[in-house]
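The values are calculated or read from the model by the stated rules, or taken from the named source; none is laboratory data. Since the structure is predicted, the reported quantities are computational estimates derived from the model, not experimental observations. Glycine also receives a Cβ, built like all others from the backbone with ideal geometry; neighbour counts cover every protein chain displayed.
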Amino acid sequence: MKKTPRRILVAGAGIAGLTAALAFARDGFETTIIERAERLTEIGAGLQLSPNATRILAGFGVLDRLLSVSTRPRSVALRDAVSLALLAEVPLGIGAEERWKAPYLVLHRADLQAALLSAVNEQPNIRLRLGATLRHLAFDDDGMVAGIESAGKIEELRCDLLIGADGVWSAARNFVPGAARNHSSGKMAWRATLVGDSPLSAVFSADSVSAFLHPAAHLIAYPVKVGAAMNLVALMKGNISVGSWSAQPDIRPLAKAMAKWAPPLASLAERAGPWTAWPIHTIEPSGNWTDSRGIALIGDAAHAMTPFAAQGAAMAIEDAAVLARLVAATPDDLPAVLAGYEELRRPRIRRVSRRGAFNHFAWHAGGPIAAARNLILKTRSPEKLAADLDWLYGWNAEDDKG
């Protein structure tokens, strides 16, 4: 007789893990989240949440907590980094909410995590354990036993389903046969935050997401902390030999990439710091995401992608919602559910990855290709540019077909 899984173990208390816990708690599952960090701190800065993600968060009671700490940008504006000419503008704001039935938000990543954590703490069937690391798994007729290290001791915790939500460096992924491994994309991200009345802030729109395009790099800028700060992220080729954010990077590669940009963009590397730097690692989505005995990977643990489509957090949120919905609908056949989860999610993840690859190609184009890009963009009305994103932003977890 097949056993109904009721005990869920989530590895990782980031955006993916907290969302997964909320998704399962809504359907009455008992969920334990383990997080290796002793306290929750979110590295990074800004985050874009498109309507496909905010729609899900609304269902968990999280969206209302975000509205007071986020901004609804008026548009995404693509500009030439040298001339500053406007190449195209995708309308957002009220129009986005009417079109896609949910808002497009920009905010600080820590504010999203705080909102998720607040919602998690209100759920009596969710337990959060910090300073706890997954070390081993064993399977039997009653599910599985996870070996959890905490305070130097190993404790055994029984569960029916393990959700690996522990990011690109996932420990849970090690227990999924055939899972893909992370590898360097050959690209890196530089981040800085402009606070208050910095003279550099005048370069950027206070109510839009601005993307400055150039073959050497592209720069994204948008307000966070309800306009009190401006998040900057530059993406370019390169790598650094560290496994975590570097708070004291050598900024010369960034300065060189921006050297021929319009003033004062050309001086950002020296004037906008301090910068942090991070090598972007990815995971090919073709590997296995599940083990039929009761393991499922979500978010970056399954399919970490480059940030060129601004969908990393959204895909993790979608994964969590879809997986919980499938388990709740057919709780007595976990192997079939896990196979169905991969079958549903793979086509969409592949399509989003392709969109990111296209954005990278188009945004870093130079010479005749850039000229052709600009010409094509001029022929696309804001309405058509928005319509091009209906498949992405209009997605609904309840009728996901991939």
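A few comments on the model shown:
- Tally of residues being hydrophobic (A, V, I, L, M, F, W, C), in a loop (DSSP other than H, G, I, E, B) and either closer than 16 Å to SER170 by Cα or without any contact (Cβ under 8 Å) to a residue 60 or more places away in the chain (or both) across region 252-293: 2
- Output for region 73-88, where each listed residue is within 17 Å of ALA206 (Cα to Cα) and either of a type in the set (Val, Ile, Thr) or out of contact with any helix residue (DSSP H, G or I) (no Cβ under 6 Å at 6 or more places or on another chain) (or both): PRO73, SER75, VAL76, ALA77, LEU78, ARG79, LEU84, LEU86
Per-residue answers, yes or no, for (1) under 21 Å from TYR104 (Cα atoms); (2) modelled with pLDDT under 90; (3) touching a Gly at 6+ places or on another chain (Cβ under 9 Å):
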position: LYS187; (1), (2), (3): no, no, yes
position: VAL195; (1), (2), (3): no, yes, no
position: PRO199; (1), (2), (3): no, yes, no
position: HIS214; (1), (2), (3): no, no, yes
position: LYS225; (1), (2), (3): yes, yes, no
position: VAL242; (1), (2), (3): no, yes, no
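- Residue check, SER210 closer than 20 Å to HIS303 by Cα, within 21 Å of the chain's Cα centre (by Cα) and either touching a residue at least 60 places away in the same chain (Cβ under 8 Å) or assigned to a strand (DSSP E or B) (or both): no
- Within region 182-206, considering residues that are touching a strand residue (DSSP E or B) at 6+ places or on another chain (Cβ under 7 Å) and in a loop (DSSP other than H, G, I, E, B), the one surrounded by the most Cβ atoms within 10 Å (Cβ to Cβ): PHE204
- The single condition among (1) over 25 Å from ALA228 (Cα atoms); (2) modelled with pLDDT of 95 or more that ARG7 does not satisfy is (2).
- The criterion of at least 1 residues that are free of Cβ contacts under 8 Å to residues at least 12 places away in the same chain is met, among strands (runs of 3 or more DSSP E) falling completely within region 10-108, by 86-91.
- Checked against the criterion of being modelled with pLDDT of 95 or more, out of contact with any Cys (no Cβ under 7 Å at 6 or more places or on another chain) and surrounded by 14 or more Cβ atoms within 10 Å (Cβ to Cβ), the candidates LEU157, LEU128 yield just one match: LEU128.
- Taken across region 145-166, residues that are in a loop (DSSP other than H, G, I, E, B) and more than 27 Å from the chain's Cα centre (by Cα) do occur, with at least one present.
- Residue under evaluation GLY366, criteria (1) exposed (fewer than 14 other Cβ atoms within 10 Å of the Cβ); (2) under 30 Å from ALA21 (Cβ atoms); (3) touching a residue at least 40 places away in the same chain (Cβ under 8 Å), criterion not met: (2)
- Which listed residue is outside any loop (DSSP other than H, G, I, E, B), in contact with a helix residue (DSSP H, G or I) (Cβ under 9 Å, 6 or more places away or on another chain) and farther than 23 Å from ALA221 by Cα, from LEU112, LEU128: LEU128
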